[in-house]
Amino acid sequence: MSITTSEFSGRRRLVLKGAGVAALIGLGVVAIAPQALAANDKYPEDAFKQKGQADAIKALYGKTAEPSDKVKMDAPEIAENGAVVPVSVTTTLTDVTSISFLVAENPNALAASYRIPAGTVPSVANRLKMAKTTNVTAIVEAGGKLFSATKEVKVTVGGCGG
Amino acid sequence: MIIRRRELLKATAAATLAAGLPHLVRGAETAGVYDLERFGNARILHITDTHAQLRPVLFREPSVNLGVGAMAGQPPHLVGKAFLDRFGIRPDSADAYAFTSVEFEKAAVRFGRLGGFAHLKTLIDKLRADVGERRSVLLDGGDLWQGTGLANTMKGADMVEAANLLGIEAMTGHWEFTYGEQALRDNLARFKGEFLAQNVFLTEEAAFNDAKAFDPASGRVFKPSTIKDIGGHRIAIIGQAFPYVPIAHPKRFTPDWTFGIRDEELQKLVDGHRNNDKVEAVILLSHNGMDVDLKLASRVTGIDVILGGHTHDAIPLPITVTNAGGVTLVTNAGSNGKFVGVLDLELTKGKVANVRYRLLPVFSELLKPDPAMQTLIDKVRGPHVADWSDKLASADRLLYRRDNFSGTVDQLICDALVSELNAEIALSPGFRWGLTTLAGQPLTMEDLLSETAITYPETYVASMTGSQIRDVLEDVCDNLFNADPYYQQGGDMVRVGGLAYTCTPAESAGKRISELKLPNGRHLESGKSYKVAGWASVNQQSGAPVWEVVARHLRAGRPANRDAPGVTLKGVDDNPGIVRQG
């Protein structure tokens with residue numbers, strides 16, 4: 001699956017609405033149903049429009065995150081395809097209400113944000129498009145606080161392996 | 001060659017052949033260089049990165065192999081005298097010739113070629129006979145099926161036959177994958193050993209489409225590990241394929257598979273073998289490359305020894321790495337059939353009590369070729385050798401490849417690309433395989449293929465801007481010098497022709513390359529376009545195979561370009577990973 005640039009922001013919206021099934025299949029993830037989303041909140045358009053990571057987090061949550069080893073993010077060191085980089089998050093934190101992904105140096109840092117309904121296993125796997133080598137950050141909102149994990153993912157032109 | 005044999009016997013009483021691990025008792029000097037003192041109760045033999053070199057080779061080890069950050073000055077990033085001092089090898093010895101580039105041309109004449117599968121067979125059979133029936137195992141770390149014109153033409157099938165005759169019981173892979181899934185599976189169907197890879201999984205799409213997998217539940221494409229009974233002891237062997245196959249090579253060869261280092265999955269596997277299978281030792285047969293293995297050893301617990309390859313580092317002694325669970329030893333066994341790693345384990349009370357390791361250079365002059373293997377080699381080479389034995393030219397100087405930034409054989413390839421394809425600038429991949437030819441020796445197509453035989457050899461001519469060229473150099477340079485080994489891919493710096501530059505390896509990504517200049521002294525302009533020729537692109541290309549382009553260049557007898565490679569290094573003054581001239 002490759003995502004073209006023009007599909008990019010549209011796709012993020014689909015994932016947010018819980019229609020991004022391809023990315024979620026079989027991973028024990030329950031994306032929020034559209035009606036629940038509607039009842040809970042509206043689409044955080046402003047957060048997705050922010051360029052920088054700090055601004056996006058502020059727009060989405062209105063507070064800052066602290067790094068936590070209870071947020072376990074799995075991402076490759078070097079992406080096999082920058083257009084679809086598999087990144088997943090699980091956490092041992094309780095009372096998780098949302099999980100978000102940010103790619104620091106993408107044109108718009110916020111890549112995806114998931115609402116986690118009560119009683120759901122807090123585990124999300126998705127694939128992010130990355131413009132270049134940069135940090136990927138996962139944010140877990142739990143008990144009203146923000147916790148994060150960050151890893152650098154390299155996007156390379158490839159070739160020249162020994 | 002009686003004189004050479006005597007020279008060798010005199011000169012091989014050096015440290016490595018008799019040395020055990022530090023802190024362990026050193027073996028007494030042995031009568032014959034390959035008569036090892038008996039030690040322990042299970043012997044594991046390891047070869048890696050032979051690159052399909054069925055016949056004995058000349059292969060010059062690097063004179064530039066820089067380490068940066070925490071890796072600076074640490075094995076494997078030692079060359080020349082610093083290497084000899086670190087491992088206690090006498091400068092004029094046969095070992096110095098096998099392990100370093102010190103006085104290579106003189107020593108090559110004195111000590112001759114190394115390796116060759118018929119010679120390997122003789123040595124391996126002896127090392128196995130010495131310990132007795134079922135007390136040893138033979139492992140191959142991958143890059144077994146690629147590196148010659150013959151292997152490329154036969155998609156590795158020749159090497160499967162040689163591997164079966166040699167008695168390889170388990171292997172992992174890297175270039176093996178570049179023949180594509182079908183050829184790989186066809187070869188494995190005929191391979192009598194096991195192909196192990198814990199870190200190759202189906203992509204989500206392939207899993208969804210029920211693509212073939214060893215374990216559909218986990219998505220593991222290959223068997224991850226095997227348990228061998230060696231002398232009544234249960235030893236787990238885990239395979240670790242090269243983690244970056246779809247990045248370093250065209251993705252079209254492995255569209256359904258995803259790789260990676262995957263140390264969490266590895267940890268689970270190790271724990272399972274320890275806790276459930278009650279093995280006495282865990283060995284990782286790795287194609288990670290040595291820097292990656294050293295980091296992995298510090299993170300993953302429960303592995304006794306990592307038998308490593310990929311980076312072609314011939315390291316005489318294991319490096320001890322401490323981790324949360326204890327200690328893991330890390331080795332790397334060189335390349336091109338030059339060495340056999342001998343790991344003797346003393347297993348008592350269900351665990352490894354002691355080990356002894358030797359990396360034996362395979363001096364062809366000291367070993368009688370095994371007749372059955374020699375017959376097989378002659379048989380598989382037979383149909384092609386006539387086509388490839390015409391002399392194209394004579395080597396105008398020592399032709400070698402290995403060094404971080406350039407090698408004379410790559411300068412020759414770049415010259416051919418610039419001149420035959422009318423380009424301003426040439427790019428050539430920094431592979432670490434490829435043989436060495438002494439000045440004055442004839443160069444045949446078979447020799448040329450041993451430098452270039454890959455499944456994506458097509459040349460290209462492209463228009464690239466100065467900033468694009470700089471980006472490529474930066475990108476490849478980071479694969480080599482990223483301070484975190486997990487972000488390195490192995491391989492050396494892309495070679496350039498028609499361009500000079502300055503490199504500061506210890507800088508961060510994007511800041512290492514500067515002062516890019518054309519031969520006329522002008523700076524490369526960011527916005528200007530240049531005509532660039534190259535080969536081995538990860539994108540599909542349609543030009544003539546590079547060996548045809550270079551052969552045309554050699555046949556035309558053009559005067560050799562003797563310009564020194566235009567790479568100026570900064571910040572490496574005290575680094576023992578570089579041999580200084582003069």
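Surface composition of the protein assembly as shown: carbon and sulfur atoms hold 51% of the protein heavy-atom accessible area at a 1.4 Å probe. Percent of C-alpha pairs per 20 Å bin in the protein assembly as shown, short distances first: 17, 49, 29, 5, 0. Relative contact order of region A:49-162, taken over Cα pairs closer than 8 Å and 6 or more residues apart, is 33 percent.
Can you tell me, using C-alpha contacts under 8 Å and at least 6 residues apart, the relative contact order of region B:400-531 as a whole percent?
Values: 195 pairs, mean separation 40.3, N = 132.
Once divided by the residue count of region B:400-531, the mean separation gives 31 percent.
Over chain B, Cα pairs under 8 Å with separation of 6+ residues give a relative contact order of 18 percent. Each residue was assigned an accessible area with a 1.4 Å probe, and for B:GLU280 the value is about 30 Å². Convex hull volume of the Cα atoms of region B:266-323, normalised per residue: 76 Å³. In this structure the amide hydrogen of B:GLY430, modeled in the peptide plane, comes within under 5 Å of the amide hydrogens of B:ASP492, B:VAL494, B:ARG495, none closer than 5 places in sequence on its chain. Would you give the gap between the C-alpha center of region B:422-470 and the C-alpha center of region B:535-582, rounded to a whole Å? Here the two parts' Cα centres lie 7 Å apart.
Of all DSSP bridge pairs formed entirely within chain B, close to 65 percent run antiparallel.
What share of the DSSP beta bridges in region B:389-569 is antiparallel, in percent to the nearest 5?
On the way: 20 of 26 bridges.
In region B:389-569, DSSP labels about 75 percent of beta bridges as antiparallel.
Here's the picture: a label point sits 7 Å out from the Cα of B:ASN275 along the beta-carbon direction, and within region B:283-326 the residues with their amide nitrogen under 19 Å of it are B:283, B:299-304, B:324-326. Volume per residue of the convex hull around the Cα atoms, evaluated for chain B, comes out as 148 Å³. Remark: chain B carries 36 Å² of accessible area per residue (probe radius 1.4 Å; ligands, DNA and RNA excluded).
With the gyration tensor restricted to C-alpha atoms of region A:94-162, the semi-axes of the equivalent ellipsoid amount to 29, 12, 10 Å, longest first.
Between chain B and chain A, the total buried accessible area stands at approximately 2200 Å², from heavy atoms with a 1.4 Å probe. Based on DSSP H segments of at least four residues, each scored -39500 (n - 2.57), the protein assembly as shown has a per-residue ellipticity at 222 nm of -8000 deg cm²/dmol. Annotation: for a label point projected 7 angstrom from Cα along Cα→Cβ of B:ALA129, residues of region B:30-52 with backbone N closer than 13 Å are B:35.
When both bridge partners sit in the protein assembly as shown, DSSP labels roughly 70% of those beta bridges antiparallel. How large is the translational diffusion coefficient of region B:479-582 in µm² per second when you combine the Kirkwood radius over alpha carbon pairs with Stokes-Einstein at 10 °C and 1.306 mPa s? Diffusion coefficient, whole number: 94 µm²/s. Working from label points 7 Å from Cα in the Cα-to-Cβ sense, the B:ARG580 to A:ALA118 distance is 7.2 nm.
The base-10 log of I(q)/I(0) for region B:389-569, evaluated at q = 0.09, 0.11, 0.13 Å⁻¹, reads -0.30, -0.45, -0.64 [Debye formula, identical scatterers on Cα atoms, solvent excluded]. Interface burial in region B:220-268, defined as at least 50 Å² less accessible area with all protein chains than with the chain alone at a 1.4 Å probe, covers B:ILE247.
For region B:214-293 versus region B:36-110, the spacing of their alpha-carbon centroids is 27 Å. In region B:484-518, the residues whose accessible area drops by at least 30 square angstrom when the other protein chains are added to the isolated chain are B:TYR487, B:GLN489; the probe is 1.4 Å and only protein heavy atoms count. Counting only Cα atoms, region A:61-110 measures 34, 23, 16 Å along its principal axes, largest extent leading. Label separation (B:THR465 vs B:ASN539): 1.5 nm, computed from points 7 Å beyond Cα along the C-beta direction. Separation of region B:364-398 and region B:300-337, taken as the distance between their Cα centroids, equals 32 angstrom.
Given a Förster distance of 25 angstrom, what is the FRET efficiency for A:LYS42 paired with A:GLU105, based on the Cβ-Cβ distance and rounded to 0.05?
Values: r = 28 Å, r/R0 = 1.11.
FRET efficiency, A:LYS42 to A:GLU105: 0.35.
The values are calculated or read from the model by the stated rules, or taken from the named source; none is laboratory data. As the structure is a prediction and not an experimental result, all values here were calculated from the model. As a convention, Cβ positions derive from the backbone with ideal geometry for all residues, glycine included, and neighbour counts pool all protein chains shown. Note: accessible area is taken over every heavy atom of the protein model, side chains too, but ligands, DNA and RNA are not part of it. Shrake-Rupley method; radii C 1.70, N 1.55, O 1.52, S 1.80 Å.
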